[in-house]
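I have placed the structure first, in the form of structure tokens, so that the comments after it can refer back to it.
FYI, it's all coordinate maths here, none of it is from the lab. The model shown is predicted, which means the values in this text are computed figures rather than measured ones. Counting neighbours? That spans all protein chains shown, and the Cβs are built from the backbone with ideal geometry, glycine included.
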Amino acid sequence: MFYTYVLKEIDKEHFYVGSANNLKRRFFQHQEGESKFTQGRKWRVYCYFAFQHEEMARKFEKYLKSGSGRAFSKKHFSF
């Protein structure tokens, strides 16, 4: 399985969108500061989506990071 995930910073309204083939390991890396864009902050998994193919997960990640994807997210996921 491959995952597209959304992290929400604890106590703030910052979100991070990413994709990975091992969601637990990737989340641990974010928590331990191993990611340049999320280091120094504490996160929780807001939501995630599972895909059978990596390409689909990466395309959905790219979509969620686009203008129309952010609008979709705000409408359907309250962020």
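Look at the Cα gyration tensor of the chain: its axes a ≥ b ≥ c give a/c of at least 1.5 with a/b at or below b/c, and that counts as oblate. Phi angles across the stretch 2-11 convert, under the Karplus curve 6.51 cos²θ - 1.76 cosθ + 1.60 with θ = phi - 60°, into 3J(HN,Hα) values of 10, 10, 10, 10, 10, 9, 10, 5, 5, 6 Hz, Gly and Pro given as x.
Only Lys, Arg, Asp and Glu carry charge here, each on its Cβ (+1 for the first two, -1 for the last two); on that basis the chain has a dipole of about 160 debye about its Cα centre.
Filter the chymotrypsin sites (Phe, Trp or Tyr not before Pro) in the stretch 32-63 to those in DSSP coil with at most 16 other Cβ atoms within 10 Å of their Cβ, and list the result.
Listed in order of number, the matching sites are F37.
Each residue of the stretch 37-50 was assigned a 3J(HN,Hα) from its phi angle through the Karplus expression (A = 6.51, B = -1.76, C = 1.60, θ = phi - 60°), giving 7, 10, 5, x, 10, 9, 10, 9, 6, 7, 6, 8, 10, 9 Hz with x at Gly and Pro.
Within the stretch 18-79, report the trypsin sites (Lys or Arg not before Pro) that DSSP leaves as loop and that have at most 10 other Cβ atoms within 10 Å. In loop regions of the stretch 18-79 (DSSP not H, G, I, E or B), the sparsely surrounded trypsin sites (Lys or Arg not before Pro) are K36.
For GluC sites (Glu not before Pro), the sites in the stretch 1-56 that DSSP calls loop and that have at most 15 other Cβ atoms within 10 Å are E13, E32, E34.
Mean separation of Cα pairs under 8 Å and 6 or more residues apart, divided by the residue count, gives the stretch 2-77 a relative contact order of 36 percent.
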